[in-house]
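Student: Dumping the structure here so I can ask a few things about it.
The values are calculated or read from the model by the stated rules, or taken from the named source; none is laboratory data. Values in this document were obtained by computation on a predicted structure and should not be read as measured data. Here the Cβ positions follow ideal geometry from the backbone for every residue, glycine too, while neighbour counts run over all protein chains shown. Please note that ligands, DNA and RNA were not included when accessible areas were found on the heavy atoms of the full protein model with its side chains. Shrake-Rupley method; radii C 1.70, N 1.55, O 1.52, S 1.80 Å.
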Amino acid sequence: MRRRAEILRSDSPAEYCASAESGRQPNRSDDGAFPPYTFAVRNRFMERAIQLSVDNVVQGRGGPFGAVIVRAHEIIAEGANSVTMRNDPTAHAEVTAIREACSKLGTFELRGCELYSSCEPCPMCLGAIYWAHLDRVYFAGNALDASQAGFSDAFIYREISRPPSARSIPMVQMMHSEALEAFRVWEKQPNKITY
């Protein structure tokens with residue numbers, strides 16, 4: 001059996017993706033435990049996210065963003081921005097990867113998983129990351145880099161801090177007391193699944 005260091009150096013991102021599809025468990029030690037991630041392994045995951053972002057632009061599928069989700073040394077899901085291709089403003093790389101990972105794992109939580117993104121997540125993706133309960137996020141480019149390329153999300157952060165009625169898209173609260181009924185029913189529901 002190859003030594004761990006040799007395995008970590010030789011497995012390519014493509015092999016990680018293939019292993020996720022086949023169910024093969026790369027980089028296992030003889031006792032079945034996973035060795036800790038090394039910088040080389042983390043770099044390979046990030047390299048894959050960056051490659052997805054570049055390929056996405058070259059192939060005309062969407063914006064310059066890619067993401068992968070990793071669990072137990074395997075890439076279990078990949079995502080690239082497909083907003084314009086799908087006519088879906090929520091189809092950011094991170095959200096797409098989260099959806100794929102949850103579907104593959106049959107769960108709405110991604111505890112035990114890490115996300116590698118080619119760029120710092122936007123506010124929407126950040127919310128999805130927290131709702132998915134990912135263990136950790138690594139990103140390459142930052143919000144300033146994205147802004148300089150025409151993808152500024154600073155205005156969203158400003159909007160969040162404003163009262164709903166003062167936002168650029170006016171938000172008007174109505175039927176508040178009636179809406180509380182759903183929360184009362186939820187609180188009394190004996191078999192609810194919390195998230």
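Student: Considering (1) open to solvent by 40 Å² or more (accessible area, probe 1.4 Å); (2) closer than 30 Å to F45 by Cβ, say which one L110 fails and leave the rest.
Tutor: Unmet condition: (1).
Student: Let me ask another. Check V58, V54 and return the single one that is under 22 Å from A40 (Cα atoms), open to solvent by 10 Å² or more (accessible area, probe 1.4 Å), hydrophobic (A, V, I, L, M, F, W, C) and free of Cβ contacts under 8 Å to residues at least 60 places away in the same chain. Write out each step before concluding.
Tutor: Numbers: V58 fails: under 22 Å from A40 (Cα atoms).
Just one listed residue meets the conditions, V54.
Student: In segment 75-87, which residues are open to solvent by less than 10 Å² (accessible area, probe 1.4 Å) and either hydrophobic (A, V, I, L, M, F, W, C) or over 20 Å from A143 (Cα atoms) (or both)? Even if it seems obvious, please write down each step before you answer.
Tutor: Taking segment 75-87 first, the residues open to solvent by less than 10 Å² (accessible area, probe 1.4 Å) are 75, 77, 79, 82.
Within segment 75-87, I75, A77 qualify.
Quick grid of which residues meet (1) within 17 Å of V137 (Cα to Cα); (2) touching a Lys or Arg at 6+ places or on another chain (Cβ under 7 Å); (3) open to solvent by less than 10 Å² (accessible area, probe 1.4 Å); (4) at pLDDT 95 or above:
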{"position": "P36", "(1), (2), (3), (4)": "yes, no, no, no"}
{"position": "R48", "(1), (2), (3), (4)": "yes, no, no, yes"}
{"position": "I69", "(1), (2), (3), (4)": "yes, no, yes, yes"}
{"position": "P89", "(1), (2), (3), (4)": "no, no, no, yes"}
{"position": "I98", "(1), (2), (3), (4)": "yes, no, no, yes"}
{"position": "E120", "(1), (2), (3), (4)": "yes, no, no, yes"}
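Student: Further, regarding this structure: Failed condition for R42, given (1) of a type outside the set (G, A, S); (2) under 16 Å from the mean Cα position of the chain (by Cα); (3) modelled with pLDDT of 95 or more, with all others met?
Tutor: (3)
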